[in-house]
Amino acid sequence: MQPRVVEGSAREDTLVLGVSAYYHDSAAAIVRNGTVLAASHEERFSRRKNDPRFPSAAVAACLREAGATLADVPHVVYYEQPRLKLDRILHTLRAGREARPLAQHALPLWATRRDMEGRIRRQLGPGFAGAVHFTGHHLSHAASAFYPSPFRSAAVLVHDAVGEWATSSLAHGSGSQLDVRQEVRFPHSLGMLYSAFTAYCGFRVNSGEYKLMGLAPYGTPRYTETISRDVVAIHDDGSLTLNLDYFPYARGGPIRSESLDHLLGGPGRDPEGPILQRHLDVAASIQRVCETVVVTSARYAREVTGERNLAMAGGVALNCVANGRLADAALFDRVWVQPAAGDAGGALGAALAFWHRELGRPRTPEPADGQQGSLLGPSFTPDDVQLYLDGQGARYHTARDEEELIERVCDWLEQGLVIGWFQGRMEFGPRALGARSIIADPRRAEMQRTVNTKIKFRESFRPFAPSVLREYAHDPFEVPPGADLPYMTTTSRVRESQRVALDDEAVDRSHSPDLVTRVSVVRSTLPAVTHVDYSARLHTVDPERHGRFHRLLSRFHGRTGCPAVLNTSFNVRGEPIVHSPHDALGCFLTTDMDALVLQDCLLLKDQQPDALRVTVGHRPPTGAD
Amino acid sequence: MITLPDGPPTRGLLRGWALAMALPAATATVVARPHLPGRARAAATALTVSTLGLGIACPTTMLPAYRGWAWLARRGSQALTSYAGWVTHVTAVPVTGAAQVRPPEPGRSTWQRPQQQPAALPRWLSTCLAVLGWLQDDREPVTDALPHDTYTLY
């Protein structure tokens with residue numbers, strides 16, 4: 001797309017609606033005159049994890065936030081080029097007999113997508129009379145990274161599995177200009193490489209990659225050399241070449257071949273099977289390879305663009321351990337990662353790319369950033385919440401003011417309760433950032449196990465993140481004073497001064513084959529948020545973005561001296577993060593969560609009537625097929 | 001697995017009849033291309049024969065068994081899909097600007113200039129996709145739950 005001014009675009013208050021859909025995790029975002037008004041994942045409304053369907057509910061939510069109707073929207077932008085994607089699929093089909101399953105699945109799908117503009121218009125309905133535009137998949141990612149960033153100019157790096165053809169992209173952003181300069185193309189893909197190893201370790205591709213990342217610290221990267229020698233060639237400029245003998249997906253086949261299993265010393269893990277030391281070592285090895293590619297390609301981006309700032313997006317940018325390694329390498333003065341770095345963020349990028357590149361509108365970067373804490377989803381008023389709770393017959397107490405609410409929640413935290421925290425606008429992106437969070441006291445060693453097994457119903461080897469006051473984050477963690485890390489996109493390490501010396505028993509337990517035993521070893525003054533390698537996914541909380549959540553942490557800090565709380569997403573395994581009071585109450589009732597804070601309303605589990613658990617707690621998922 | 005939309009029997013009958021009519025038309029388009037290799041002609045011939053068989057078989061199952069008819073239509077759609085995939089392979093769809101699906105020489109950078117838009121689809125493939133899309137009522141087909149290690153590249 002070349003910058004140009006579209007006729008009629010000079011009018012004030014131009015709304016641009018971005019849409020990503022039909023692959024996984026569809027989303028919508030709306031921008032007014034270049035300012036992001038709202039963005040949401042469809043899954044939060046449909047309650048279907050990574051919902052790929054057209055984001056009708058997300059579009060409606062965005063319009064509500066914008067106070068507009070579809071008739072007010074002159075431009076809808078789809079986040080990729082369908083024809084170019086079909087081109088890649090057809091090319092893959094030529095590869096041979098292995099492509100037959102791909103043909104059986106892909107062609108019927110693409111039969112319904114041959115007229116994407118018409119399809120989008122039909123989904124939007126007769127209320128929409130504007131124009132439908134298309135942008136590139138990686139351009140959408142790059143735009144989602146650069147335009148909301150605080151940088152006037154920056155190098156932009158995108159790594160994901162695949163869009164149309166591109167799997168990695170290098171772009172340069174300056175003012176309102178954004179030019180994709182180079183790309184690595186399918187089938188050579190860092191995202192696909194990582195996903196293949198995700199599958200090997202028994203996790204679902206395209207959603208379980210973060211579990212592999214969480215598994216890596218338990219292992220020894222003893223396969224790194226083997227992978228670098230036989231599986232992937234990493235070039236000096238950070239591009240890569242896969243050995244396609246190990247990756248039949250390039251020919252329309254499965255994501256990995258049996259020969260890869262042989263190379264790694266045995267078959268892949270069954271999804272419900274035990275995690276062996278070999279799997280841990282494979283996870284550690286591929287994580288190391290991923291970090292190498294990210295750092296090397298970032299160095300190349302620096303050389304090509306000459307920029308001192310870096311913006312990143314694409315699914316691989318959610319690998320916060322690799323981002324931490326990049327920060328350690330100090331290649332750039334500042335690095336900003338789009339918090340919705342996956343395909344959902346493409347909706348936001350598509351809208352912003354159209355506004356700045358197609359309409360040629362200027363851009364003024366915000367000093368903090370333009371992402372607004374990524375709190376871009378719908379909110380509910382205290383009246384909405386009370387009306388809902390009354391209708392359900394829930395027993396609750398309404399705090400007379402914020403002072404009382406915060407005091408009560410601090411009491412609960414100190415008593416060791418696990419609390420559902422539901423406040424303000426919902427997050428955009430996969431991380432809970434203090435709006436739809438489960439919080440607890442991170443000083444309690446048992447919290448990691450409790451929250452994992454009784455509330456999240458998931459593998460308990462995975463660490464939780466600390467939400468920590470920005471002004472005190474440098475005390476427990478190795479970050480500079482005032483470090484602004486509001487999106488949980490990077491890892492830091494717990495300071496030596498906060499670490500606890502391990503006695504003989506703890507050393508034995510830290511080498512146990514049982515990962516639950518290993519992770520339960522007390523390693524720091526914040527054991528519930530410290531991983532086995534002393535890393536932590538930091539989320540800094542500041543008064544400008546986080547308001548009430550910041551005041552809660554400040555009070556907790558004042559009472560206990562601890563500037564952090566354990567923060568995990570408000571959902572259970574396999575479900576999207578809660579969106580509404582209804583979802584939150586259902587999650588609260590169906591888990592062992594102790595308390596729930598819905599805006600100004602405070603609920604305790606043991607005070608709820610049994611009938612409520614039946615009517616709300618065991619509800620069928622809404623909108624699920 | 002394709003799931004055809006539910007609907008009144010008359011609609012299903014109409015769709016199946018259109019399928020029986022459209023497939024020979026599509027294959028005739030393929031056969032009419034004089035430069036096609038022998039394998040493609042063979043495939044087109046097989047397709048024509050099978051679809052004619054489908055066309056003959058359809059009326060016999062029209063009444064009263066709608067379920068049988070739906071099954072036949074579904075099988076026809078699957079067969080078309082398979083044939084389309086295979087024919088796509090053997091006729092080497094001309095695509096432009098596409099990367100070769102083979103590894104570059106070791107040690108060479110794989111950074112490239114950004115991809116441009118490809119040429120238009122071949123007409124016969126557009127026809128096939130249009131027929132399939134119409135059969136599915138332009139709705140996304142429901143796909144079975146995929147195994148954990150399957151990456152959908154489409």
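Pick out the one residue from A:Phe203, A:Phe247, A:Phe186 that is modelled with pLDDT under 95, under 23 Å from A:Ala145 (Cβ atoms) and under 28 Å from the mean Cα position of the chain (by Cα).
Residue meeting the stated conditions: A:Phe186.
For the list (1) surrounded by fewer than 24 Cβ atoms within 10 Å (Cβ to Cβ); (2) assigned to a loop (DSSP other than H, G, I, E, B); (3) within 11 Å of chain B (Cβ to nearest Cβ), I need the number of the one condition that A:Gly163 fails.
(1)
Any idea how many residues of region A:550-566 are crowded, with 24+ Cβ neighbours inside 10 Å and farther than 14 Å from A:Ile439 by Cβ?
The number of residues fulfilling the criteria is 0.
Working carefully through the options A:Pro82, A:Pro101, find the one that is closer than 27 Å to A:Leu170 by Cβ and surrounded by fewer than 21 Cβ atoms within 10 Å (Cβ to Cβ).
Residue meeting the stated conditions: A:Pro82.
Name the pairs: first residue in region A:256-268 and under 10 Å from A:Arg278 (Cα atoms), second residue hydrophobic (A, V, I, L, M, F, W, C) and at pLDDT 90 or above, Cβ to Cβ under 6 Å, at least 6 apart or on different chains?
Close Cβ pairs (under 6 Å, with a partner that is hydrophobic (A, V, I, L, M, F, W, C) and at pLDDT 90 or above) amount to A:Leu264/A:Val282.
Whether any residue in region A:466-477 is surrounded by fewer than 16 Cβ atoms within 10 Å (Cβ to Cβ) and either hydroxyl-bearing (Ser, Thr, Tyr) or not assigned by TED's automatic domain parsing to the domain that holds A:Leu417 (or both) is what I want to check.
no
When region A:208-244 is examined, which residues are found to be of a type in the set (Ser, Thr, Tyr), over 22 Å from A:Arg269 (Cα atoms) and modelled with pLDDT of 95 or more?
The answer is A:Ser239, and nothing else.
The values are calculated or read from the model by the stated rules, or taken from the named source; none is laboratory data. Computed from a prediction, not measured in an experiment: that's the story for all the values here. FYI the Cβ positions are ideal-geometry reconstructions off the backbone, even for glycines, and counts take in every protein chain you see.
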